[in-house]
Amino acid sequence: MFSLPLSFVFIILLCVSLFFYYYSKRTIVEKASSIGKKAKTLPVYYGQNAFLWSFFPACIFLIFLTVSGPNYIDQIFFSKIQDLNPKFNSSFIDLILSKVINVANGKIETDDQKIIVLANDYLSAFEKFYFYRGLGAVLCCALLGLIVTARQKPSVNARDQVQFFMVSIFFISALIAILTTAAIIFSLFFESLRFFNLYNVFDFIFGLHWSPNVAIRTDQVASEGSFGMIPVLLGTLLISFIAMCVAIPIGLYSAIYLAEFAPSKVRDYIKPTLEILAGIPTVVYGYFAALTAAPFLRDIGAFVGLDVSSESALAAGLVMGIMIIPFISSLSDDVIRAVPQSLRDGSMGLGATKAETVYRVIIPAAFPGLVGSILLAVSRAIGETMIVVMAAGLSAKLTVNPLESVTTVTVQIVSLLTGDTEFDNIKTLSAFGLGISLFFFTLILNIIALTVSRRLAENYD
Amino acid sequence: MSIKFKAEKVDVFYNEKQAINNISLNIEKNMITALIGPSGCGKSTFLRCLNRMNDVIDSCKITGNILLDNEDIYGPNIDPVDLRARVGMVFQKPNPFPKTIFENIAYGPRIHGLASNNKELREIVFNSLEKAGLIDEVKDRLDDQATGLSGGQQQRVCIARAIAVSPEVILMDEPCSALDPIATAKIEELMNEISQSYTIVIVTHSMQQAARVSKKTAFFHLGELIEYGDTDKIFTKPKNQKTLDYITGRFG
Ligand SMILES: Nc1ncnc2c1ncn2[C@@H]1O[C@H](COP(=O)(O)OP(=O)(O)OP(=O)(O)O)[C@@H](O)[C@H]1O
Ligand SMILES: [Mg+2]
C-alpha cells in the first residue's frame, strides 16, 4: 500500500490549508457582493482564519496519531500473541513482541515461522497506519477548511477570530510550560515520598552525617547508611557563597562600567565576548578548576603555611564565580541600559556627577532587574555540578572551611544515580530527597529575593 | 540690565553635520528669554550648550565662546558638574526620578550638601515646592512616588527639583509640550513669579506662550539666529521676512 511519510503529509496539509486561504478570501468577497454589503474586515483575515483553523488542528491531530499510533499497534499485537497461546505470562509476551518488532525492522533474523508471520503482519499494520494517518489528517484539514469557509459571513469579524485563535495558541503554550513544570515537581515529590517512607524526614533534614553507602544486595556487608543532608547542603551553600562573593561585585561593577562609562567601541567588543564566555560549557571550567586553580591555591597555601586540600571548596567556588561573572554582567548591563536616558539627563542636569547618577538614580531604578540577574546567577551556582565534581571532591564533610574538600547536593545526586541503579533501594531514592530539598531551597530563595526587590523597587515608566 | 550669558560665534557640530552656525546672543539676567523656530533648527542644541549637557554626547563638538557672568563656561576653570548646579534644566518630558516626591526635590541639595541637617533639608524641599506652586497639592503625600503624579504635577516637581539647587539660570526645553492648557497656565504663572530671581531660557513651539511669558525672543532658523529682540517687537514688527512668515504661520 502507498505509505505516506510524515513530512509529505505535512506538505499536503500546508497545500490544502493554503488552498482554503485563497478560497475563503475569494468566497467572502463574492458573498459580500451578493448581499450588497462590504465584509466587516479585509478579506485577508477570512483567509487567515480558514488557514489557521484547518492547518493547526490537522497538525495536532497528526501529531497525536503519530505519538499514540505505535503504542496502539503494539497493544493489538500483544493481545494477538496472547490469543495464540493464552498460557503465556505478560513478561514473556513482551519478550516475543520485542522479538517480532526487531525482526520486522530487520535488526535480527530468525527462522521461527510464527514470528516471521507476525513480523510481516506488524510491518503491514504500520504501513496501513501510516496511510490512514495521512489520509485522516488531510481529511480533517479539508473538512475543517470547508466548514470554516462555508460558515464565514461578511457580517462576522474574522479579524477578531484570528486574534482569538492566536490568543488560544499563546495560552496553550503557556499552559504547556506550566503543566510540564508541575508534572516534574509532582514526580519528584512522589519519588521523594518513597524515600521518606524508608527514612525519617527529620533525620534527613537535620541529620549531620551523610554516608549513603548501604548494602544493595542482602549478602553484602556494608554500613547502615546515614542520610543527614546538612553537610551536603552546607557544601552547596559554601561553594555558592564563595562563587557569589567573586561574581556579584565583579559582575555588577563591570556591568556598570560597560553600560555607563565604556566608550561605545569598547562596549562593542566586550559585550559579545561576555556572551561567548557565558556559553562555555561548565566542564571546561571544571578542568580549569581541577588542573590550574586547585594546584595553584594549594601552592599558595603551602607558601603561607596553610594546609589546602588538593580538592577544595575555595578552588571550585572561585572558578564557579568566574564562570558566573559574564552572566551577571551581561544581564545587568541590559537592565541598566534599559533605564531611560531621561533619568540620566535629569540627574546630570541637576549637577550630579556620572558616578552619583549611577548609584543614586540608575541602580535604584534598575534594582529589581539587578536582583533578577543575581538570582539567576545564584540558581546557576546552586545547580552547578561539573566544576564541583572535578574540583571540590565527593566527601561530605560538615565544615565551613573553604580550604577543605566538600561536596554539594547536585554532585551527590549525580553520584547516587550514575551507573547501574535500581530505583527501589534507599540509596538511590535518597537522591530524590536531595532533589526535592534543593527545589524547595531555591524556591524559598526566589520568593525572598522577589519580595525584597518588590519592596525596594522604584518604578519608572 | 546686566548680561548673564554671552554667546559669541558659537558653532555646534554633530559629527560632520553642523547644527548651529555662528550664533552670538546675549541673555539678560533675571528675565525670561524665549527661543523659537521650526523643528530641527537647533534650539535644544543651543540650550544644551548653556549648561554643557552636550558634553554627554560623544559626537557633539562646540566652538566659539559662551560666557556666564563673563567667565568662559568651556574654559579650564569650569567644572561642568558645578556649572550644571548653577544652570539647571527642565526637560520636555517630565522625568521625575522613580523616588518619592520628597526624595526627588531633596536629590540636588543632598548631592551638593546644601543642607547641614534634616530640618534644613525639609525647609529647602518645602520652599522649592512652594515656589513651584505645588505645595498644597502634595504636602500630605511627600512620601508617595513622584511617578504617580499627573503629568503637569510631575513637570512642576521637576521644576521644584531644579529650584531646590538654587541655580542662577533655569533652562527649559519645551516644558509644557506634554501638558494640557490648565497645567501649562500654571507653569507659565510659576515662571512669571520666579523670573524676578532667576534667569530663565525657554524653548517653545507655542508662539502664544513665547509672547505671554518672555521679555525677549530669539528666532532660530536652520541653525542660524535670524532675529533677536524684545518680544513685543518680534511679534508685532519683526524686521526679518522669515520671522514674519514663521510667526504668522506661513511656514513651519
Ligand atoms: N544627538 C544628536 N546626534 C546627531 N544629530 C543631532 C543630535 N541631536 C540633534 N541633532 C541634529 O541637530 C539639529 C538640531 O536639533 P535640535 O534638537 O537642536 O532641534 P530643535 O530645534 O530642538 O528641534 P525641535 O523643535 O524638534 O526639538 C537637527 O538637525 C538634529 O537632527
Ligand atoms: Mg528640541
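Any read-out appearing in this document is the output of simple, stated calculations on the displayed coordinates, not a laboratory observation. Remember, it's a predicted structure, so these values are computed and weren't measured experimentally. Here the Cβ is made from the backbone with ideal geometry for all residues, glycine too, and neighbour counts use every protein chain on show.
For a label point 7 angstrom out from the Cα of A:Leu277 toward its Cβ, which stretches of the range A:317-353 have the backbone nitrogen within less than 15 Å? Under cut-off, by backbone N: A:318-334.
Here is how the number arises for the protein assembly as shown: DSSP H runs of 4 or more residues each give -39500 (n - 2.57), the sum is divided by the residue count, and the result at 222 nm is -20000 deg cm²/dmol.
The 3J(HN,Hα) values that the Karplus relation (6.51, -1.76, 1.60; θ = phi - 60°) gives for the range B:108-122 are, in residue order, x, x, 5, 5, 9, x, 7, 10, 8, 8, 4, 5, 4, 4, 4 Hz. Gly and Pro appear as x.
Which translational diffusion coefficient, to the nearest whole µm²/s, is obtained for the protein assembly as shown from the Stokes-Einstein equation, given a Kirkwood hydrodynamic radius over C-alpha pairs, 4 °C and 1.567 mPa s? For these conditions, the coefficient is 39 µm²/s. Mean sequence separation of contacting Cα pairs (under 8 Å, at least six apart), scaled by the length of chain B, corresponds to a relative contact order of 27 percent. Packing here is the average count of other Cβ atoms within 10 Å per residue, and on that basis the peptides B:141-153, A:231-243, highest first, run A:231-243, B:141-153. Taking every C-alpha pair closer than 8 Å and separated by at least 6 residues, the mean separation divided by the residue count of the range B:152-252 gives a relative contact order of 20 percent. Each label point is 7 Å from the Cα along the Cα-to-Cβ direction; what then is the distance between the points at A:Ile116 and A:Arg337, in nm? It works out to 6.9 nm between the two label points. A Cβ-based charge dipole, computed about the Cα centre of chain A with Lys and Arg at +1 and Asp and Glu at -1, lands at about 2260 debye.
What FRET efficiency would be calculated for the residue pair A:Phe92, A:Ser124, taking the C-beta separation as r and a Förster radius of 22 Å, to the nearest 0.05?
That gives a FRET efficiency of 0.35.
In this simple spin-label approximation, A:Phe196 and B:Ser177 carry label points 7 Å from Cα along the Cα→Cβ vector, and these lie 6.3 nm apart. DSSP beta bridges fully contained in the protein assembly as shown are about 60 percent antiparallel.
Add +1 for every Lys or Arg and -1 for every Asp or Glu among the other residues with Cβ under 12 Å from the Cβ of A:Gly433, and state the total. Net charge in that neighbourhood comes out at 0.
Applying the criteria of a DSSP loop state and at most 12 other Cβ atoms within 10 Å to the trypsin sites (Lys or Arg not before Pro) of the range A:21-87 yields A:Lys37, A:Lys38, A:Lys87. Taking amide H as placed 1.01 Å from N in the peptide plane, B:Ile202 has its amide H under 5 Å from the amide H of B:Thr33, B:Ala34, B:Leu35, B:Met172, each at least 5 places away in sequence or on another chain.
Once the Cβ-Cβ distance of A:Asp160 and A:Lys38 is raised to the sixth power relative to R0 = 22 Å, the FRET efficiency obtained is 0.85. Label sites at A:Leu146 and B:Glu120, each approximated as a point 7 angstrom past Cα along Cα to Cβ, lie 8.9 nm apart. In terms of distances greater than 21 angstrom between alpha carbons, the cross-link table entries B:Lys216/B:Lys237; B:Lys29/B:Lys61; B:Lys17/B:Lys93; A:Lys397/A:Lys427; B:Lys17/B:Lys216; A:Lys265/B:Lys61 yield B:Lys29/B:Lys61; B:Lys17/B:Lys93; B:Lys17/B:Lys216. Set against the 2.2 N^0.38 Å expectation for a compact globular protein, chain B has a Cα radius of gyration ratio of 1.01. Summing Lys and Arg as +1 and Asp and Glu as -1 over all other residues whose Cβ lies under 14 Å from the Cβ of B:Leu225 gives a net charge of +2.
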